[in-house]
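Trainee: This is the structure, below, for whatever I ask next.
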Amino acid sequence: MNSTTYPDSVLRMFLFLSEVLDARAVTPDGRHWGRVDDLIIVLGEMFPRVTTLVLTGRNGRMQMDWAGVEGLDGKELRLRPRAEDMIRPFRPQPHHVQLRREILDKQIVDTHGAKLERVNDLHLLVSDGELRVVHVDVGFRGLVRRLGVAKFMDWLTDWLFSYQMADHLVSWKFVQPLASDPSVKALKLNLTQRRLSDIHPSDLADIMEDLDVHQREAMFRTLDVETAAETLEEVDEKLQVQLLEAVGEEKAADILEEMAPDEAVDLLQELPEQAAENLMQDMEEEKREELQELLSYEENSAGALMTTEYVQVAPTDSCARALEIVRAADLPFESSAYVYVADADETLRGTLSLVDLLRARPDCPVSEVMETHPQTVPLDSGRRQIAAAFAKYDFLALPVVDEDHHLRGLITLKDAVTAVSKEFSE
């Protein structure tokens, strides 16, 4: 590596962490003080700056502000005059992140590719006297570089295949470290929580299933309630229970409130009875009563499988008003693909699809365009009856009614398929 002096220059250059680690720290008069053991960053910027140098010498692990470094020359790190006065015993701080011990060889979440990667090296930028982390190297070449045989491998692959391995670099802004130290884990994950919430819940669920139990729980604890609820709906039932137990009763109750009612009921049934009761006591009264009603139905019946989140309008509502209600409901597509027309006493009068609403005149009452003999599922229907109804009528969702034809809920095609799949797996 070429000799580099800073901070007085405006030179910009890249180097890898593996090129800095174990470099000899040399004083201006040529004395060997020790070796570079680690670099410390503080999170909070898109590309965090190295603030502290960790050295090992005859006095053990010591630390020094990065400002005491004058430059790099191969595997030799030159200290500034009087830099030794800045060296002090190493004292780890909760907000410090050690690149070697907490990032290198650890798993990270690549939020750009929505997958887990292993950090084989870190790509650093030297600019105006500062050293910043800009990429993580998740490729095989990073491992080869650390072994010191990158040049040989380049020669070998070029000779054999006319090809050289490329670095596989992922921008730091797209990754979230999953460190093992609980004191820094939450900080690191919270830093870029917004990007985690941008990942599709199914992808987040896949990522979590690949993590060990501690990393999985740490990652889940940092999610906002809405993202946590959506992700929880995508993971295995046993994993749902583990994750919910990891966040504490108060947040667990908030997450359950945010989940689709049928999904929340399924999860509550997997919990110990006392734990489920405690969580429900922490919920708002309306949500608690809603879930208690669903829990009262016989297992695997339409009542137990249905969701109580659907779009309901009155027969006298205009099509324009019905569309406003659909927008305000903010429900998943399968729960809002159809609009259910019911009287004040909840008696189901008809159904119409979003397509029907869009085609109708805005001022037209929904009663004039609705299907007046909608297909329904009785409240006490079993899984086979439900599956047969979906197979026969080819709907995305079917309304659930009681013996008086009162609208009680909705079963989606997804829930019907899941229920039948469970039956055959049992």
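Trainee: Quick check on the stretch 342-397: of everything there that is in contact with a helix residue (DSSP H, G or I) (Cβ under 6 Å, 6 or more places away or on another chain) and part of a loop (DSSP other than H, G, I, E, B), which residue is nearest to Val417 (Cα to Cα)?
Mentor: Across the stretch 342-397, the extreme among qualifying residues is Leu396.
Trainee: To continue, here is another question. Among the residues of the stretch 400-420, are any assigned to a helix (DSSP H, G or I), farther than 29 Å from Glu234 by Cα and either among the charged types (D, E, K, R) or out of contact with any Ser or Thr (no Cβ under 7 Å at 6 or more places or on another chain) (or both)?
Mentor: Residues of the stretch 400-420 that are assigned to a helix (DSSP H, G or I), as a first pass: 413-420.
With farther than 29 Å from Glu234 by Cα added as a condition, the list becomes none.
No; the residues of the stretch 400-420 include none that is assigned to a helix (DSSP H, G or I), farther than 29 Å from Glu234 by Cα and either among the charged types (D, E, K, R) or out of contact with any Ser or Thr (no Cβ under 7 Å at 6 or more places or on another chain) (or both).
Trainee: Inspect the stretch 358-373 for any residue being within 20 Å of Asp394 (Cα to Cα), surrounded by fewer than 18 Cβ atoms within 10 Å (Cβ to Cβ) and under 36 Å from the mean Cα position of the chain (by Cα) and give the result as yes or no.
Mentor: no
Trainee: Residue check: is Thr351 under 22 Å from Thr316 (Cβ atoms) and in contact with a Gly (Cβ under 6 Å, 6 or more places away or on another chain)? Talk me through it step by step, then tell me what you get.
Mentor: Working: under 22 Å from Thr316 (Cβ atoms): yes; in contact with a Gly (Cβ under 6 Å, 6 or more places away or on another chain): no.
So Thr351 fails the test.
Trainee: Mind listing whichever residues of the stretch 211-234 are outside any helix (DSSP H, G or I) and farther than 21 Å from Glu250 by Cβ? Show your work before the answer.
Mentor: Here is the first cut: in the stretch 211-234, the residues outside any helix (DSSP H, G or I) are 211-212, 223-224, 233-234.
Once the filter is applied, which keeps residues that are outside any helix (DSSP H, G or I) and farther than 21 Å from Glu250 by Cβ, the stretch 211-234 yields Leu211, Asp212, Glu234.
Trainee: Please state which one of Asp22, Asp38 is charged (D, E, K, R), surrounded by fewer than 15 Cβ atoms within 10 Å (Cβ to Cβ) and either under 17 Å from Leu122 (Cβ atoms) or free of Cβ contacts under 8 Å to residues at least 60 places away in the same chain (or both). Break it down stepwise before answering.
Mentor: On the way: Asp38 fails: surrounded by fewer than 15 Cβ atoms within 10 Å (Cβ to Cβ).
Result of the check over Asp22, Asp38: Asp22.
Trainee: Considering only residues that are surrounded by 14 or more Cβ atoms within 10 Å (Cβ to Cβ) and among the small types (Gly, Ala, Ser), look in the stretch 160-179 and name the one that is modelled with the lowest pLDDT.
Mentor: The initial filter retains those residues of the stretch 160-179 that are surrounded by 14 or more Cβ atoms within 10 Å (Cβ to Cβ), namely 165, 167-179.
Next, only the ones that are among the small types (Gly, Ala, Ser) stay: 171, 179.
Details: Ser171: 89, Ala179: 53.
The extreme case among them is Ala179.
Trainee: Tally the residues that are among the small types (Gly, Ala, Ser) and either in contact with a strand residue (DSSP E or B) (Cβ under 9 Å, 6 or more places away or on another chain) or exposed (fewer than 14 other Cβ atoms within 10 Å of the Cβ) (or both), restricting the search to the stretch 257-287. Walk me through it before giving the result.
Mentor: Within the stretch 257-287, the first condition is being among the small types (Gly, Ala, Ser), and the residues that meet it are 260, 264, 275-276.
Now narrow it down to the ones that are either in contact with a strand residue (DSSP E or B) (Cβ under 9 Å, 6 or more places away or on another chain) or exposed (fewer than 14 other Cβ atoms within 10 Å of the Cβ) (or both): 260.
Residues meeting the conditions: 1.
Trainee: Residues that are in contact (Cβ under 8 Å) with a residue 60 or more places away in the chain, within 17 Å of Trp33 (Cα to Cα) and out of contact with any Asp or Glu (no Cβ under 8 Å at 6 or more places or on another chain): find the strands (runs of 3 or more DSSP E) completely inside the stretch 62-142 holding 1 or more of those.
Mentor: Numbers: elements: 69-73, 76-79, 96-98, 107-110, 115-118, 121-127, 130-137.
It comes to 69-73.
Trainee: Next up: Can you confirm whether Asp65 is closer than 22 Å to Leu125 by Cα and modelled with pLDDT of 90 or more? Write out each step before concluding.
Mentor: Numbers: closer than 22 Å to Leu125 by Cα: yes; modelled with pLDDT of 90 or more: yes.
It is true that Asp65 is closer than 22 Å to Leu125 by Cα and modelled with pLDDT of 90 or more.
The values are calculated or read from the model by the stated rules, or taken from the named source; none is laboratory data. Note that the coordinates shown come from a computational prediction; the quantities given were computed from them, not determined experimentally. So basically every Cβ, Gly included, is an ideal-geometry build from the backbone, and we count neighbours across all protein chains shown.
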